[in-house]
Amino acid sequence: MERKRNPITEGIIWKELLIFFFPIVIGTIFQQLYNTIDAIIVGRFIGKVALAAAGGSAAIITTEIVMLFTSLSTGAGVIISQYYGADDKAQVSKSLHTAFLFFIFLSIALSIAGVIFSPAILRMMNTTEDVLPSAIIYMRIYFLGITATFLYNISSAIMRSVGDSKRPLYYLIICTVINIILDILFVIVFHLGIAGAAIATVIAQSISAILAIRALMTSYETLKLDLHLLKIDRAILLSELKIGVPGAIQTLMYGLTNFFIQISVNNLGTDVTAAWAATGKVDQIYWAISTAFGAALATFVGQNYGAGKMKRVWKSVRTALCMDLMLGGSILAGLLIFSKYAFGLFSGDANVVKLGIYILQIIVPYYIVYIFIEVTSSALRGLGDVQIPTLIVMFGVLLRLPWLFFYVAKHNTLHALLLSYPVSWIPTMTMLVIYYFYRKYTFQKKTPS
């Protein structure tokens with residue numbers, strides 16, 4: 001049945017944002033649980049070397065790759081949401097099939113490259129010799145199954161672009177349960193080591209991809225995936241890439257700095273590497289919330305912009321910012337209070353736990369700054385304005401490099417390394433907020449009503 005009323009363009013903003021937000025944030029948390037469960041099981045049942053392998057250099061690389069493709073899929077999501085808001089069914093269909101086929105080709109190419117170059121990349125990151133063999137195994141298995149990961153991501157991005165954030169959540173819950181069962185079976189029962197954890201993740205993500213693709217093929221009218229219609233429309237692909245590529249470049253810049261940050265972490269020893277890996281799991285609930293608000297806001301802005309309802313655009317940005325500050329701030333406070341217990345899940349090594357708590361104490365207060373970055377950049381992305389925000393973010397990210405090459409290299413301490421985050425976030429936030437209000441002013445000047 002065709003939609004008669006679009007709640008995103010017509011409903012109560014705060015209520016519809018929450019309805020749309022919660023499935024995304026829960027789904028994001030469940031998606032992150034794939035790697036978190038791997039880390040807990042390998043850390044507790046194999047040891048800290050395995051934890052460093054699954055959560056150190058290998059995790060940095062695989063996470064950045066997924067974020068890169070997620071950024072590209074955002075371009076497709078924004079274009080589809082704008083056409084959907086304008087009720088242009090033909091363009092929605094073309095955008096869907098173009099994005100899907102493009103992602104199939106790109107993910108296969110990346111899978112092959114990842115399997116071949118994993119050892120060289122890990123060595124470039126100064127992965128310690130005790131960790132290197134396990135990290136290579138984990139990365140290669142992960143890359144073998146990465147096409148399924150990306151097909152799920154593009155499918156879920158497309159579903160969310162038209163306001164459906166529930167189906168991706170249901171699929172992730174099912175697949176996370178499967179992942180837990182397979183982790184226990186492969187690692188604890190069959191003693192397959194870190195390879196077992198990687199295999200469990202790949203199988204679970206493949207199931208989520210199958211369910212998401214099936215939904216696109218059978219569950220929508222306006223938005224329906226037909227394998228016979230898979231064709232790349234050059235003009236639409238360029239439009240999707242125009243929005244997605246700047247975000248992907250931004251992700252690559254973050255990946256570049258994270259690459260050098262991980263080198264610095266590895267140079268501080270296995271205990272710091274393990275603590276750093278555990279920290280990336282402990283604080284991911286915050287990142288899940290921030291990312292979910294960004295995804296929800298980009299869809300809200302895109303659909304209302306497509307429908308010509310600019311007042312709702314500006315109001316949704318204010319509402320999302322307030323909710324993100326309240327909820328994100330509460331989560332950050334909880335992380336500080338319960339950090340000892342959280343790190344205890346990942347390791348029984350007292351020094352690893354101590355280092356993890358120290359990392360959180362230093363970095364958590366600056367996470368509030370990132371909320372402003374996420375909200376303003378997501379709002380601008382929903383408007384289709386990505387070039388200038390990307391340049392701003394790239395400038396902020398590049399500030400990390402001299403800090404890493406000179407200050408961190410000179411002092412070689414964990415504290416010096418942690419300060420590289422606020423060094424980039426604070427100027428980035430300042431410039432993005434200024435630019436957002438400038439763009440709002442230009443829109444209001446064109447349509448003062």
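Accessible area ranking (1.4 Å probe, heavy atoms, ligands and nucleic acids excluded), largest first, for D385, D226: D226, D385.
R0 = 35 Å: FRET efficiency of I203 with Q387, Cβ-based, nearest 0.05? Walk me through the numbers on the way to the answer.
On the way: r = 40 Å, r/R0 = 1.13.
E(calc), rounded to 0.05, equals 0.30.
The label point for V115 and the one for F338, both projected 7 Å from the Cα toward the Cβ, are 4.1 nm apart.
Taking R0 as 30 Å, what FRET efficiency do you get between I368 and N412 from their Cβ-Cβ distance, rounded to the nearest 0.05? Write down the numbers at each step before the final one.
Numbers: r = 28 Å, r/R0 = 0.94.
Result of the calculation: an efficiency of 0.60.
Given +1 at the Cβ of Lys and Arg, -1 at the Cβ of Asp and Glu and no other charges, the dipole of the chain around its Cα centre is 1140 debye to the nearest 20. The mean accessible area for residues of the stretch 218-275, using a 1.4 Å probe and ignoring ligands and nucleic acids, is 45 Å² per residue.
Only one residue of M310, I243, F105 has its Cα farthest out toward the positive end of the dipole of the chain, where Lys and Arg carry +1 and Asp and Glu -1 on Cβ, and that residue is M310.
For F20, what is the net charge nearby, where nearby means another residue's Cβ is under 12 Å from its Cβ and Lys, Arg count +1, Asp, Glu -1? With Lys, Arg at +1 and Asp, Glu at -1, the neighbours total +1. Measuring with a 1.4 angstrom probe and ignoring ligands and nucleic acids, L391 comes out at about 110 Å² accessible.
Show me 136-143, 430-437 ranked by packing, highest mean number of other Cβ atoms within 10 Å first. Each step should come with its number before you reach the end.
Details: 136-143: 23.4, 430-437: 16.5.
So the peptides 136-143, 430-437, ranked by packing, come out 136-143, 430-437.
Just want to confirm a number: the relative contact order over the chain, from Cα pairs under 8 angstrom separated by 6+ residues, in percent.
Values: 664 pairs, mean separation 108.9, N = 449.
Normalised by residue count, the contact order of the chain is 24 percent.
When each of the peptides 175-184, 408-417 is scored by how many other beta carbons lie within 10 Å of its residues on average, the order from highest to lowest is 175-184, 408-417. Each label point was placed 7 Å from the Cα along the Cα-to-Cβ direction; for E10 and K311 their separation is 1.7 nm. Sorting W425, W14 by solvent-accessible area of protein heavy atoms yields W14, W425, largest first, with a 1.4 Å probe.
At a 10 angstrom cut-off on C-beta neighbours, averaged per residue, how do the peptides 319-325, 65-71 rank from highest to lowest? Display every interim value, and only then the final one.
Details: 319-325: 19.4, 65-71: 21.6.
Going by the mean number of other Cβ atoms within 10 Å, highest first, we get 65-71, 319-325.
For the stretch 280-429, what does the relative contact order come out to in percent, with C-alpha contacts under 8 Å and a separation of six or more?
Values: 132 pairs, mean separation 43.6, N = 150.
It comes to 29 percent, rounded to a whole number.
Length gained on full extension, I104 to V433, computed as 0.36 nm times the residue gap minus the Cα-Cα distance: 114.8 nm. Projected label points at R214 and R318, each 7 Å from Cα along the beta carbon direction, are separated by 4.5 nanometres.
Can you list which of the DSSP-assigned H helices in the chain have a Cα extent of 27 Å or more along the long axis and an average Kyte-Doolittle score of at least 0.0?
On the way: long enough: 13-45 (46 Å, 1.20); 57-85 (41 Å, 1.10); 89-124 (49 Å, 1.36); 193-218 (39 Å, 1.67); 234-267 (47 Å, 0.72); 284-306 (32 Å, 0.62); 310-337 (41 Å, 0.97); 420-446 (40 Å, -0.13).
Counting only whole DSSP H runs, the qualifying helices are 13-45, 57-85, 89-124, 193-218, 234-267, 284-306, 310-337.
For E10, the solvent-accessible surface computed with a 1.4 Å probe is close to 90 Å², ligands and nucleic acids excluded. The stretch 255-306 and the stretch 134-172 have Cα centres lying 16 Å from one another. Shape analysis of the stretch 45-109 places it in the prolate category; the axes a ≥ b ≥ c from the Cα gyration tensor give an a/c of at least 1.5, with a/b above b/c.
Ordering R123, R167 by accessible area with a probe of 1.4 Å, largest first, what comes out? Mind dumping the intermediate values first?
Details: R123 140, R167 75 Å².
Largest to smallest exposure gives the sequence R123, R167.
With all protein chains in place and a 1.4 Å probe, the accessible surface of the chain carries 69 percent carbon and sulfur.
The values are calculated or read from the model by the stated rules, or taken from the named source; none is laboratory data. Just so it is clear, the model here is predicted, and its values are computed rather than measured. Backbone-built Cβ (ideal geometry, glycine too); neighbour counts: all protein chains shown. For accessibility, only protein heavy atoms count, side chains too; no ligands or nucleic acids. Shrake-Rupley method; radii C 1.70, N 1.55, O 1.52, S 1.80 Å.
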